1. Residue 310 is checked against (1) among the polar types (S, T, N, Q); (2) in contact with a strand residue (DSSP E or B) (Cβ under 7 Å, 6 or more places away or on another chain); (3) more than 25 Å from residue 468 (Cβ to Cβ) and fails just one. What number does that condition carry?
2. List the number of the failed condition for residue 455; all other conditions in (1) modelled with pLDDT under 50; (2) more than 23 Å from residue 332 (Cα to Cα); (3) open to solvent by 40 Å² or more (accessible area, probe 1.4 Å) hold.
3. So which residues in the range 285-309 are open to solvent by less than 10 Å² (accessible area, probe 1.4 Å) and over 18 Å from residue 336 (Cβ atoms), if there are any at all?
4. Take the conditions modelled with pLDDT of 95 or more, charged (D, E, K, R) and touching a Ser or Thr at 6+ places or on another chain (Cβ under 9 Å) and apply them to residue 239. Does it pass?
5. Only strands (runs of 3 or more DSSP E) wholly contained in the range 263-338 count here; list those with 3 or more residues that are among the hydrophobic types (A, V, I, L, M, F, W, C) and within 24 Å of residue 248 (Cβ to Cβ).
6. Could you identify the single residue in 246, 324, 235, 279 that is within 18 Å of the chain's Cα centre (by Cα), open to solvent by 10 Å² or more (accessible area, probe 1.4 Å) and hydrophobic (A, V, I, L, M, F, W, C)?
7. With respect to the numbered conditions (1) in a strand (DSSP E or B); (2) within 22 Å of residue 493 (Cβ to Cβ), which one is the sole condition not fulfilled by residue 349?
Amino acid sequence: MINSSNGMISTSSTSANTQSPGLKTYFKTPEGRYKLHYEKTHPSGLLHYAHGKTVTQGTLAIIKDKPAPSTPMAPPSGFSTGSGVRSAAARLLGASNGSRALSFVGGNGGSKSISSSSSSGSSSSRIGSLGTSCSSNSMINSNFDGKGTYLIFNVGDAIFITDLNSQDKEDPIKSIHFSNSNPVCHAFDQDAKDGHDLLIGFSSGDVYSVSLRQQLQDVGKKLVGAHHYNKDGSVNNSRCMSIAWVPGGDGAFVVAHADGNLYVYEKSKDGAGDSSFPVIKDQTQFSVSHARYSKSNPIARWHICQGSINGIAFSNEGAYLATVGRDGYLRVFDYSKEQLICGGKSYYGALLCCAWSMDAKYILTGGEDDLVQVWSMEDRKVVAWGEGHNSWVSGVAFDSYWSSPNSDGTGENVVYRFGSVGQDTQLLLWDLEMDEIVVPLRRCPGGSPTFSTGSQSSHWDSVIPVGTLQPAPSMRDVPKLSPVVAHRVHTEPLSGLVFTQECVLTVCREGHVKIWMRPGASDSQSGNSETIPSTSLKEKPLLSSKLGSSTYKQ
């Protein structure tokens with residue numbers, strides 16, 4: 001808990017993650033102070049030996065409406081009925097529209113079988129290799145209405161679901177442990193038309209869809225009503241690296257694997273259908289294969305690259321899909337056309353994370369070169385590099401709620417605020433003002449680069465063919481950005497961040513989450529309610545095209 005009188009966190013003898021004396025409980029920005037409101041973490045003493053094999057990812061799920069008076073429990077082999085839920089989700093590992101999960105452990109996850117272990121003594125049925133509770137055996141919490149803001153995060157062999165508005169540090173509403181395989185990525189559907197809105201991917205390649213509300217209604221410690229895909233790695237037994245719902249996809253979702261393949265599923269189809277795909281003839285080339293039968297699930301395989309796909313992110317409306325991989329390339333696809341549009345290589349090493357701006361004009365990437373790259377969809381190239389991290393960049397996100405403190409509506413510049421976190425334990429905030437960036441145009445073969453301000457490269461479609469992957473640019477050819485603020489927020493390497501209207505959440509790879517209230521928001525919270533008001537992502541303001549004309553540097 002925070003002692004607001006001195007701005008320091010009081011320690012507890014039972015706390016598993018006491019605040020380091022070197023960490024401040026606030027950081028300053030031009031618009032004011034961001035203050036540490038409280039923390040979330042896993043219960044102490046519950047860590048499995050496999051903890052070190054996974055990196056914590058967090059998913060923020062907001063359920064705004066109350067359920068129907070009696071929500072039926074779906075059988076494990078089917079789907080629960082629609083409940084009229086309007087909700088919003090934001091990924092702590094990248095963008096709010098479902099960016100990639102971060103994992104630094106490649107290869108297969110070992111055993112393909114997954115079983116759920118529980119400390120409760122209730123009986124359960126076995127569906128495939130997952131132990132789930134049937135509707136007849138489930139214990140229902142009749143007092144639970146489902147409304148609220150929930151944080152879902154994985155640590156070791158477990159998934160934890162906690163109430164974000166509760167300031168108890170170790171208070172999971174539900175903890176679900178699995179044997180033989182670890183949950184490594186998850187995604188929440190903001191537009192689910194039936195109860196199944198939460199996806200969970202495992203190190204064995206298995207994937208499950210469940211109803212978050214159903215998990216919260218059930219007082220047991222089993223995963224209930226789960227639907228199983230890629231059972232026992234039957235289609236692909238390599239590690240799930242990232243998972244995402246397709247925006248507006250009516251229940252479609254994609255799963256990226258450590259072997260460079262991405263699979264497209266439809267949750268309305270049986271996950272046990274035959275889905276055999278032809279052998280990939282050229283591992284170095286992008287290719288798409290569709291399932292031979294109409295009832296097959298997955299319905300398509302995209303071979304993206306050699307090596308792991310480390311992260312994926314859809315643009316806000318779902319038109320484009322961005323991927324980053326161990327080969328160091330960002331690739332951007334037209335999702336509906338299944339076509340590679342453009343992409344480019346990192347300065348050095350693998351890329352680990354990516355995120356879209358709300359207007360789909362820019363993509364952030366981060367990776368092993370310690371840089372934050374800003375990729376322009378219009379220019380189809382890197383237009384800025386952010387220098388400030390001292391180690392790998394593991395999470396990036398645009399702040400669509402931020403606006404310039406001096407914005408009066410008369411400025412002509414567009415200012416983007418974005419953030420990044422890294423293994424150096426730092427959170428960095430950046431301001432990108434396009435009219436102040438000197439953009440080097442592409443150099444012709446054998447020629448010298450020319451420079452100009454602003455965007456000048458819309459004509460490059462006729463010069464650079466669609467589907468071309470750009471080589472790594474030279475350091476002298478890319479404008480450099482300096483962070484607005486750099487703050488050490490955790491003692492352990494960080495794995496992701498997310499921006500909400502009231503706060504910024506940072507998560508470290510060991511399973512600790514911190515909630516930083518925005519300037520002004522912390523005062524209103526401490527003055528009346530202890531809850532964090534939640535805004536649906538569908539209500540997110542798009543970035544104004546006319547913001548203040550000044551960026552702020554320290």
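The values are calculated or read from the model by the stated rules, or taken from the named source; none is laboratory data. Because the structure is a prediction, the values reported are computed rather than measured. FYI the Cβ positions are ideal-geometry reconstructions off the backbone, even for glycines, and counts take in every protein chain you see. All accessible areas refer to the heavy atoms of the entire protein, side chains included, with ligands and DNA or RNA removed. Shrake-Rupley method; radii C 1.70, N 1.55, O 1.52, S 1.80 Å.
1. Only one criterion in (1) among the polar types (S, T, N, Q); (2) in contact with a strand residue (DSSP E or B) (Cβ under 7 Å, 6 or more places away or on another chain); (3) more than 25 Å from residue 468 (Cβ to Cβ) is unmet by residue 310, namely (3).
2. Going through the list (1) modelled with pLDDT under 50; (2) more than 23 Å from residue 332 (Cα to Cα); (3) open to solvent by 40 Å² or more (accessible area, probe 1.4 Å), residue 455 breaks only (2).
3. Within the range 285-309, 296, 297, 303, 305, 308, 309 meet the criteria.
4. Yes: the conditions hold for residue 239.
5. 309-314, 320-325, 329-334
6. Working: 324 fails: open to solvent by 10 Å² or more (accessible area, probe 1.4 Å); 235 fails: within 18 Å of the chain's Cα centre (by Cα); 279 fails: within 18 Å of the chain's Cα centre (by Cα).
The conditions single out 246.
7. (1)
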